[in-house]
Structure formats: structure tokens, C-alpha cells
1. When only Cα pairs under 8 Å and 6 or more residues apart are kept, what is the percent relative contact order across the stretch 55-194?
2. Quick one: if you stick a label point 7 Å off each Cα along the C-beta vector at Thr76 and Asp137, how many nm between them?
3. When the solvent-accessible surface of protein heavy atoms is calculated with a 1.4 angstrom probe, in what order do Glu172, Glu71 fall, highest first?
4. When the accessible area of the stretch 64-148 is computed with all protein chains present and a 1.4 Å probe, what percentage of it is carbon and sulfur?
5. Would you kindly find the accessible area of Thr89, with a 1.4 Å probe and non-protein molecules such as ligands, DNA and RNA excluded, rounding to the nearest 10 Å²?
6. Under a 1.4 angstrom probe, counting protein chains only, how are Phe187, Phe170 ranked by accessible area, largest first?
7. Work out how much length Ala44 to Ala94 would gain on full extension: take 0.36 nm times their residue separation and subtract the Cα-Cα distance, in nm to one decimal.
8. Classify the stretch 84-173 from the C-alpha gyration tensor, please: rounded if a/c falls under 1.5, else prolate or oblate depending on whether a/b exceeds b/c.
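The values are calculated or read from the model by the stated rules, or taken from the named source; none is laboratory data. Please read all numbers here as calculations on a predicted model, not as lab measurements. No Cβ is skipped: glycine too gets one built from the backbone with ideal geometry, and neighbour counts run over all protein chains shown. Surface accessibility is based on the protein's heavy atoms, side chains included, excluding ligands, DNA and RNA. Shrake-Rupley method; radii C 1.70, N 1.55, O 1.52, S 1.80 Å.
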Amino acid sequence: MKKIAIGCGVLIVLAIIALLVIVIAGGSYNHLVGLSQKVDSQWAQVQNVYQRRADLIPNLVATVSGAANFEKSTLTEITEARASVGKVTLNANAAPTDAAKLAEFERAQGALSSALSRLLVVSERYPDLKASANFRDLQAQLEGTENRISVERGRFNEAVQAYNTAIKSFPEVFYAGALGFKEKPYFAATAGAETPPKVQFDFGKPAATPAPAKP
């Protein structure tokens with residue numbers, strides 16, 4: 001009888017341990033699911049702000065092209081850059097797991113940012129644009145959108161960091177990969193990325209007078 005009692009006790013202890021493992025594993029799994037969904041949600045926000053910028057560009061191009069003798073090459077560059085962004089297709093509702101795909105997305109968006117910056121700089125040479133209420137409204141919207149892009153990219157990286165840390169921590173590290181939780185890539189940090197691009201049109205400032213040539 002004593003041996004039977006001991007055996008039953010051992011079985012009870014093992015059952016309790018197994019139950020605890022199931023509870024802990026279940027809690028960890030749900031935690032990872034929550035972190036993964038947060039990354040996906042933040043990725044959707046990143047996509048939203050980039051799409052907002054893309055939606056503003058046609059109006060900007062139309063407004064700026066109305067200026068007499070505006071540089072057509074600049075308009076062509078930004079139009080082509082916007083089209084290139086559209087060719088990089090990523091799921092808007094699920095964060096990318098392929099670092100190469102995210103890097104391709106970043107390059108396309110970076111090219112568009114550069115083209116947009118050049119367009120805005122060139123626009124400063126055309127004082128007549130200052131009188132356009134539509135242009136001033138676009139300026140404010142672009143400035144706000146660039147700030148939001150910087151904020152949402154930062155939040156995305158924070159969500160990815162929390163997720164990546166979790167799948168490499170104990171006890172998740174032992175089973176996260178087997179359950180399909182793979183490491184997710186970050187947006188790459190670029191020089192000056194912590195400071196949003198400044199969109200400014202200083203039309204009131206007179207152009208600098210060139211120094212007279214020396215005889």
C-alpha cells in the first residue's frame with residue numbers, strides 16, 4: 001500500500017508540474033502573439049503615413065508645375081520616384097519578415113524623400129508660389145507627414161525590439177521558432193534619422209547679391 005501511495009504521489013506531482021508547464025507555455029505563447037500583433041499594427045501605421053505622403057504628391061506636383069518655367073526635370077524625378085515606391089509591394093497588415101524586402105522598401109521611400117526635398121528646394125526659387133493658398137496648405141501637410149513618418153518608424157522599431165527580445169528570452173527561446181515566431185527586421189537607422197526633415201519655404205528672404213568680380 002505504501003508503494004502505491006508513493007506512486008500516486010509521484011503521479012500527482014508530475015501532473016502538477018505538467019499543468020504548470022502548460023500554463024506557463026500558454027501564457028508565453030499568448031504574450032508572443034500579442035507582441036507580434038503589436039508589430040503588425042505598428043507596421044500598418046507606418047504604411048498609412050507613407051501612403052498619406054504619396055497621396056499629397058500629385059497635388060504638390062500640380063501646384064508647383066503651375067509656376068512659370070518650373071524645372072520639368074524635377075517634376076519628372078519626383079513622379080518617377082513615387083511610381084517606384086508603388087512597385088515595392090509589401091503586406092500592409094503584416095510586418096515584413098524578410099530583411100531584404102524591407103531594405104528594398106526603404107530604398108524606394110528614401111529615393112522619394114530625396115526627390116521631394118529637391119522639389120521643395122527648387123520651389124523656393126519661385127516667389128509666385130507664395131501667393132498660392134493651396135501651396136501653403138501642402139507645405140503644412142507635408143511637414144506634419146514627415147514628422148509622423150519619423151515617429152511611426154521609431155515606434156515600429158520599438159515594437160520589433162520588444163518582440164525580438166521576447167523570442168530570444170527564457171523560456172520562449174526553446175520553442176518560439178518551432179511555433180513560427182521568427183525574428184523581424186528593423187528599419188535601418190540613417191544619419192539624422194532622429195530629426196525629421198524640415199520643410200521650409202523662405203520666399204521673403206532676398207537672394208544674396210553676388211560679390212563683384214575683382215578687376
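1. On the way: 85 pairs, mean separation 43.3, N = 140.
Once divided by the residue count of the stretch 55-194, the mean separation gives 31 percent.
2. That separation, rounded to one decimal, is 3.1 nm.
3. These residues rank, largest area first, as Glu71, Glu172.
4. The nonpolar share, carbon plus sulfur, comes to 50 percent.
5. Counting only protein heavy atoms, Thr89 exposes about 110 Å² to solvent.
6. Numbers: Phe187 10, Phe170 160 Å².
Sorted descending by solvent-accessible area, the residues read Phe170, Phe187.
7. Numbers: separation 50, 0.36 × 50 = 18.00 nm, distance 0.74 nm.
That pair, Ala44 and Ala94, stretches by 17.3 nm at full extension.
8. Numbers: a/c = 3.73, a/b = 2.43, b/c = 1.53.
Prolate, because a/c is 1.5 or more and a/b exceeds b/c.
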